[in-house]
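Trainee: Pasting in a structure now, in structure tokens, and then I'll have a few things to ask.
The values are calculated or read from the model by the stated rules, or taken from the named source; none is laboratory data. Keep in mind it's a predicted model, so treat the numbers as computed, not measured. FYI the Cβ positions are ideal-geometry reconstructions off the backbone, even for glycines, and counts take in every protein chain you see. With ligands, DNA and RNA removed, areas are computed over all heavy atoms of the protein, side chains included. Shrake-Rupley method; radii C 1.70, N 1.55, O 1.52, S 1.80 Å.
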Amino acid sequence: MTDLRRTDVALVTNSDPVLHDIEAPALAAALEVAGLSADVVAWDAEVDWTAYRLALLRCVSAYPARPEAMNLQSFEVLKG
């Protein structure tokens, strides 16, 4: 049975407009056509990652400069 409270896919990208993943909105639309819900989410935003069944890291090139901004502990929940 599908958990209707969760979004299927988080397309994780940069919050910086210069580094932003310009393909993410089109990918989200394609996933929705395929029957999956998808959100484009900035990697450094305050996000409850447990709200997603899958997090697809797309464009997080700013991560090496600020690794503390991403709560990787939350991703452990997604593995289970």
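Trainee: Among what's in region 1-45 and is at pLDDT below 90, in contact with a Ser or Thr (Cβ under 6 Å, 6 or more places away or on another chain) and open to solvent by less than 50 Å² (accessible area, probe 1.4 Å), pick the residue that is farthest from CYS59 (Cα to Cα).
Mentor: Selected residue: THR7.
Trainee: Continuing with the same structure: For ASP48, state whether it is within 14 Å of VAL9 (Cα to Cα), at pLDDT 90 or above and not aliphatic (A, V, I, L, M).
Mentor: no
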